[in-house]
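No value in this document is a laboratory result; all are computed from the given coordinates. This is a predicted model, so every value here is computed, not measured. We place every Cβ from the backbone using ideal geometry, glycine too, and count neighbours over all the protein chains shown.
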Amino acid sequence: MVFSRINRSLFIFLKSTEVVPARYTRIFSTSDNGETETSDKALQSSSQSSKFWNKRVPIKVEEFKEQKKLTPCQPVNPHLLKVSILGEPNVGKSTLTNRLVKWKVCAVSKKVHTTRKKATAVFVEDNKQIVFLDTPGFVTPELTKKHNLEATFVMDPLRSIYEADIIAVVVDISNKWTNNRINENILEVLEDYRHKKSILILNKIDAMKSKGRLLSFTKILTCDAINGIENSTQEASQNVISEQNMSNLDSVEEGHSCSAVTSNRGQTKGWPLFSNVFMVSALKNDGIDELRNYLLNEALPGEWMYHGSTVTDQHPYEIALMTLREKLLEYLPEEIPYKLDLRITKWETLPTGSPEISIKIVCSNSRHKRFVIGPDGRHIANCVEKYRNALKEAFKKDILVHIAVQ
């Protein structure tokens, strides 16, 4: 299979360029004269909670560069977990990532291929740091070439799997075309990395309120097994799913068996080595706390990768363009938002201290330009308003925005 060949090549490349991180135990403090000092002592606070850190997404490029240079301050007994979030396009991976880190750092829309390349998001609680690797929807090299997608659609998911401690496979349980199988390319990757722990996340349970159906699909997607051990009864299958997850569902559909689903839907495929199954609604924030707590408990002894103030490693320009594309995807039809070229023409701070951003939307033809602007400019005006609010949500600052359409 072509994915196996790519996977092995990637492994060789990464192994040859692997860098062992230096061991850091420094902390930063401010002296009476306002100067920054460092100490080689480990952090001794009794509660190294996420509130300790001044978490931020820098909007100034200089601040972003300075944050990247910060030495990862190590708490007492540091723990780290790297999580690769995989799934087919539009299963809700980015919404899930945003919920898990409690910050909107990944683009979200109802259309496919909103996420174009890997985005890293960071969550800190006490002495534990979780690094989430949100990836583009899993597509084959053939589809990447057919739809003229970036190479990141193939390589970034594979890179994230190689780096991860846990592989989290997300399935849109409300999608009747895909909710009874794991994507075959994802199955192939799970086989290649079977030595790594993997979990199954059934997303969008708010659109499917039958406990019976959810349990049936869980049996199919896990091959009725957990950690390779087959479940002999439905009660055993339910043990994998917590009471809190089950409480998110309102009703039970009587008489709905796994065999009924299989016979109605044809052959299905699953993975028997998932260590746990989670039922969530990322949109409504249901089941997210339990999933986050599970991941925190899975964190391994190890030094943090990022300074505690870091929320994402994305450049401010990247966040700004990603967020605008997200808004364009919301209201533009068909292929139009994918054909637009977004260019930053101004990025500076006003004397008042407020950031000012100017972006040019370059359309490939006059038809696309008419759609972007809309009747009496209503489309673009509405887009700018939503865009400004989204930027404020990401950067936690009011931002002056100018959009030009060419």
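Brief remarks follow.
- Cα shape, segment 264-382, gyration tensor, a/c 1.5 rule: oblate
- Taking the fewest neighbouring Cβ atoms within 10 Å as the starting point, the ordered list for R370, R99, R388, R378 is R378, R370, R388, R99.
- Ascending count of other beta-carbon atoms within 10 Å, so fewest first, for C363, C73: C363, C73
- Cut-off under 5 Å, modelled amide H: who pairs with S198 long-range: I167, S275
- Ranking of E191, E330 by neighbouring Cβ atoms within 10 Å, starting from the fewest: E191, E330.
- Between segment 375-398 and segment 199-232, the alpha-carbon center distance in angstrom: 39
- Model label points for E188 and I344, set 7 angstrom from Cα along the Cα-to-Cβ axis, are 3.7 nm apart.
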